[in-house]
Amino acid sequence: MKLTAQFGIKALQKILALALFVLGASSLVSAQTTGSGAWPTQKPIRLIAVFPPGGSVDQVARILAPALQSELKQNVIVENVGGASGVIGTSAMTRSDPDGYTFAVVFDTHGVNPSLKEKLPYDTIKDIAPVILVGTSPMVLVASKNSGITSFKQLVDQSKAGKKFSYGSIGIGSLGHLAMARLAKQAGFDWNHIPYRGGGPLMQDVLGGQVELAVGSEFLVKPHIESGGVIPLVITTAKRSPALSNVPTISESGFPGFSAPAWWAVLAPGKTPPAVIDAMNKALNKALKNPAVATKFKAQGIEVVGGSPETLRDFIGKQIAIWGKFVIENNIKETAQ
């Protein structure tokens, strides 16, 4: 009886050990198959901001990072990879392993670059997976204190009289550049565009008086408006911004129907597993609904959008169609910066 009992116990132990092994192996296979089994526990998540420090993309990324870290229980590191209107940072993201640990925060230039750049180092559709549309915001045309311009009407009157003004944007093909180029064409202004490598350098120069005018997202320029460093002239959306209610729209200032909002989005390498994209999208939607995060974005004039990856895919497609057509029709070309 003792021998039988002892044999029975040993046999049971082997069966249990085998069962645990099979269960573990099954979980491992599942993880390898879906690419999401252990996500995001393996390593920190890299959030590439595709513009230099100091601009709106950098700030959006740094607001999202701690909120995501709280949601995912994993470190989220912001890395600035700027240059070429967001192309260099986006390219770095597409070259990364599609394992769910590298994402990119992009700006509205992402929807223009396919038409502006002669040859991108990635396919905007095939090599990139949309994750979420973070939000949209008015852009604001501001004047340096040294410019002598204090209102949009004064700027229009002097421009019509033949004075040539220079305005800065975050780069050739940025939505700010295209919006002002469209305005200048519609009004017959002879304005000179000065491209910068990001919002930080742009604002430094307009604050210092090196450039007369600058166009940037409300997120970028609002702190400098509040500090009195620059003079707000007009915003690019169809309706006034609640945060800048005294600043008129271009549409109500003699150019009806004018609308060009700035936008931010999160993208992933194209071959990132759908399960990871879905999980990241859910985490980002939760982060965007966090009252502290929503308050920070609202304070900077960003209207949170959120939604599904499909919502972002459709949005980007429309942006490429609208502004790509303008770039081609007006022969806007990239030049050395």
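The values are calculated or read from the model by the stated rules, or taken from the named source; none is laboratory data. Nothing here was measured: the structure is a model prediction, and the numbers come from that model. Virtual Cβ from ideal backbone geometry, glycine too; neighbours counted across all protein chains shown. Just so you know, the surface numbers come from the protein's heavy atoms only, side chains and all, with ligands and any DNA or RNA stripped out. Shrake-Rupley method; radii C 1.70, N 1.55, O 1.52, S 1.80 Å.
Tabulated data for the structure shown
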{"read-out": "Most positive-pole-ward Cα, Gly188, Val230, Pro201, against dipole of the stretch 148-249 from beta carbon charges", "value": "Gly188"}
{"read-out": "Gaussian network model of the chain, Cα within-10 Å springs - most flexible of Ala187, Ala92, Ala268", "value": "Ala187"}
{"read-out": "Listed pairs Lys126/Lys282; Lys117/Lys239; Lys164/Lys298 exceeding 29 Å between Cα atoms", "value": "Lys117/Lys239; Lys164/Lys298"}
{"read-out": "Geometric extent, Cα atoms of the stretch 259-337 - Rg, Dmax (angstrom)", "value": "16.0, 44"}
{"read-out": "Helix-only mean residue ellipticity at 222 nm for the chain, each DSSP H run of n ≥ 4 adding -39500 (n - 2.57), per residue, nearest 500", "value": "-14000 deg cm²/dmol"}
{"read-out": "Theoretical gain in end-to-end length, Ala161 to Gln42 [0.36 nm per residue, Cα-Cα removed]", "value": "36.6 nm"}
{"read-out": "Ranked packing of 133-143, 313-323, most packed first, by mean Cβ within 10 Å", "value": "133-143, 313-323"}
{"read-out": "Unit Cα scatterers, Debye sum, the stretch 138-252: log10 I(q)/I(0) for q = 0.20 Å⁻¹", "value": "-1.07"}
{"read-out": "Dipole magnitude of the chain, debye to nearest 20 (Cβ charges: Lys/Arg +1, Asp/Glu -1, about Cα centre)", "value": "680 debye"}
{"read-out": "Whole-number accessible area per residue in Å² for the chain, which is evaluated in the context of all protein chains at 1.4 Å", "value": "47 Å²"}
{"read-out": "Ranked packing of 39-49, 283-293, most packed first, by mean Cβ within 10 Å", "value": "39-49, 283-293"}
{"read-out": "Euclidean distance between Cα centres, the stretch 133-205 to the stretch 49-103, Å", "value": "27 Å"}
{"read-out": "Distribution of pairwise C-alpha distances over the chain, 10 Å bins, in %", "value": "6, 24, 30, 19, 9, 4, 3, 2, 2, 1, 0, 0"}
{"read-out": "DSSP-defined beta bridges in the stretch 132-251 - what % are antiparallel, rounded to 5", "value": "60 percent"}
{"read-out": "Debye, to nearest 20: dipole size of the stretch 138-252, +1 on Lys, Arg Cβ, -1 on Asp, Glu Cβ", "value": "200 debye"}
{"read-out": "Charged-residue dipole, Cβ positions (Lys, Arg, Asp, Glu), the stretch 179-337 about Cα centre, Debye nearest 20", "value": "480 debye"}
{"read-out": "Fraction of antiparallel bridges per DSSP, the chain only, in percent to nearest 5", "value": "60 percent"}
